[in-house]
Structures are given as structure tokens and as C-alpha cells.
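This report concerns only the one structure given below.
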Amino acid sequence: MRIVFLFITLLSSFALWASEVINVNSASQKELETLNGVGPVIAERIVQYRESHGSFSTVDELQKVKGISAAWVEKNKTILASQ
């Protein structure tokens, strides 16, 4: 039983490590749409904001995009990057 638990724990850790990080400064609209809670409208807003204002210095700057909340950014920080 302990071996099964250890195996599941290791597998879960690997899955988290292998998760793709999305760079908000280079991701396409389709890539942004893969994020939980981001559909075509929000993804397009992110791309338009980036094109109008330049690169995001930090992931927290996503909150400047209409429809992106601080809670959403905090929840997704582990899979987002701005560098």
C-alpha cells in the first residue's frame, strides 16, 4: 500500500513539473485559450492589450486586461510567465 501511495505521489509531482508554462508575452490567442477560465474573448483582449501597451513586465499586470481578476492571476501564477 505504501508503494502505491509513493508511486501516485511521484507521478503527481511529475505531472505538475511537466505542465507547460504559458508565457503571456509570446503566447498566441489559441495558447491563451487553453488556460482555465480564458475563452476566445479574454484571450483576444490579452493579445490586444499586449500589442497596444507592450510586453507584460509581470504576470500581475494581466489584471489590467478587462475580465482578468487578481484572484484569477493568483490561481494561475504557477503556469504563467512574463519572461
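Summed over segment 42-83, residues that are at pLDDT below 95 and part of a loop (DSSP other than H, G, I, E, B) total 2.
Scanning segment 20-41 for any residue that is over 12 Å from the mean Cα position of the chain (by Cα), charged (D, E, K, R) and modelled with pLDDT under 95 turns up nothing.
The values are calculated or read from the model by the stated rules, or taken from the named source; none is laboratory data. Only a predicted model underlies this, so the values are computations on that prediction, with no experimental measurement involved.
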